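Working notes for the structure below.
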Amino acid sequence: MPWGHSAKRFHKPRSCYIIQLMAEQLNEYNGKATMEKITSLAKRRGFVFQSSEIYGGQGGAWDYGPLGIELKNRIAGAWWKEMTRLNDDIVGLDSAILMHPRTWEASGHVENFTDPLVDCKKCKARFREDLIPAENLAARKCPDCGGEMTDTRKFNLMFKTHIGAAEDSASVIYLRPETAQGIYVNYKNIIQSNRMKIPFGIAQIGKAFRNEIVTKNFIFRTCEFEQLEMQFFVKPGSDENWFDEWRKRRWAYYEKMGVRMDRLRWHQHGSDELAHYAKDAYDIQYLFPMGWRELEGVHNRTDFDLKRHTEYSGKDMQYIDQDAGSERYIPYIIETSAGLTRTLLMVLCDAYDEEKVADKGNDDDWRTVLRFHPGLAPITVAVLPLMKKDGLAELAQDIRLELKDDFTADYDQGGAIGRRYRRQDEAGTPFCVTVDYQTKEDGTVTLRFRDSMEQVRIPKEELAARLRHEIKTYKRVS
Ligand code: ATP
């Protein structure tokens, strides 16, 4: 069996890619979240822009705008908190993107981190062999134009560059294709510096780079992306229990994030999909508008990586268990690996909704709303003065200033109040605070809820506590 990078893609049979949506699931997306709508909203509202757009765009790379970076930071923050702050036995790491080239020889990436590539001789389109329909492959016919296809060749996905002035092979260096290896090479440092005892984990958030052949579906598969990876080191023999435990914990995490659980499912790797060093592997798949696709992988990576690093570096990677008479062993590793940018796309798809809110027969009858969990929403609260005049704007600014320390608080005074609510709905802002003439008299404001559009009147002094309570107890209604 061929072996490759961090498990799955390399080993997946064709059927895993061409997954049909079931009719009722398609219906759910009908008229709602299509990738076109999400991409257009993401650009219009400053979540995600095409990289280098003024030059015609750079494929496989995207820029995150003001709302996008807030959302990305919050998703990363929630994951980091879950992994490190809530788990005493997991610590963090931020390792370098550039690593010693021997790392990638040991991990197998130099030799085997490849995709099977075919080109159309006629229209010059390029495909991953495992992603084209079987009949086209058998006939060597291009799925786009029917032209003749080239033979399949192996294409290494690592970006290769040079370090230093001389462009010779001695100075070859790679952009890391996964963050995991940075954790493995530091595992002994962390045991020594932080007195960690097995079982323990190391979490890392960081950029990874893959020279992907096919980068469609917006930010789903890109050449530059971010990963949320946690490697949990365990005693051999306890690995199967820990593997089950981490599957449970990762599922519960998405539930806690408020993800629509009917759009998540497990996919266990069959024996033909498993990387040869993986003992067991499951993907958490999400029902994206284009079908079920991998969001995160939970893998039992055995002792493969640490053994290989022992072999290639000559350094002893054994753990010495002081509590068990200095017993020595190479730990097994349970990995949870999710894409941060892919999670952001999932969160956008999950939040996207269109809702009929009036019956006047025009565009205003509908609203587009991003139903983000308030803990993830880029803007938590928007403060809106009913009018700019009569001191309402100043009063609203004062209230916003009070809230700013604890929440991302926006201010908007332009246009009719209904329009401003719609703008905030589209940005996914869960709460709007409206300041009106009554505020001047009795110090109360209107608090409007994005999802239900209900409004309540409360004293402005109670706002911060109320928002905190609403965030903590949030339940998605539709
Ligand atoms: P896929 O089968 O989708 O290519 P993979 O099996 O190669 O993914 P891993 O190497 O296990 O993925 O990486 C872990 C996670 O990193 C994936 O579950 C995914 O969320 C994310 N990821 C991997 N490749 C990309 C990419 N090119 N762009 C964005 N996210 C990615």
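Observations on the model:
- Cross-link partners of K121 among lysines (Cα-Cα below 19 Å; sequence separation of 8 or more within a chain): K141, K154
- Distance cut-off 42 Å, percentage of C-alpha pairs in the chain lying past it: 26
- Across the range 453-478, the residues whose backbone nitrogen lies under 14 Å from the label position 7 Å along the beta-carbon direction of R85 are 472.
- 5 angstrom amide H check on Y64, placed H, neighbours 5+ away: F49
- 3J(HN,Hα) from dihedral phi, the range 278-287, Karplus parametrisation 6.51/-1.76/1.60, rounded to Hz, x for glycine, proline: 8, 7, 7, 7, 10, 9, 8, 9, 10, 7
- Local net charge near T336, Cβ-Cβ under 10 Å (Lys/Arg +1, Asp/Glu -1): 0
- Here the range 75-154 is described by how far its Cα atoms reach on the three principal axes: 57, 31, 19 Å, from widest to narrowest.
- Spin-label model, I163 to D442: label points 7 Å out along the Cα-to-beta-carbon direction sit 6.7 nm apart.
- For the chain, relative contact order (Cα pairs under 8 Å, six or more residues apart, normalised by length) works out to 14 percent.
- Hydrodynamic radius of the range 371-472 by the Kirkwood approach over all distinct alpha-carbon pairs: 13.3 Å.
- Peptides 327-336, 450-459, 207-216 ranked from most to least packed, by the mean per-residue count of other Cβ atoms within 10 Å: 327-336, 207-216, 450-459.
- Amide proton proximity set for I90, modelled H, under 5 Å, gap of 5+: G201
- Among the listed pairs K37/K124; K207/K472; K207/K279; K81/K404; K388/K440, a Cα-Cα separation exceeding 19 Å is found for K37/K124; K207/K472; K207/K279; K81/K404.
- Going from the fewest other Cβ atoms within 10 Å to the most, the residues F225, F449 appear in the order F449, F225.
- Here the 3J(HN,Hα) profile of the range 416-425, calculated from phi with Karplus coefficients 6.51, -1.76 and 1.60 at θ = phi - 60°, is 4, 4, x, 4, 5, 4, 4, 4, 5, 4 Hz, Gly and Pro shown as x.
- Full extension of the chain between K235 and Q58 yields a length gain of 59.2 nm, computed as 0.36 nm times the residue separation minus the alpha carbon distance.
Each reported figure results from applying straightforward, stated rules to the coordinates on display, with no laboratory input. None of the values given here were measured: they were computed from a predicted structure. Every residue, glycine as well, gets a Cβ built from its backbone with ideal geometry; the counts of neighbours run over all protein chains shown.
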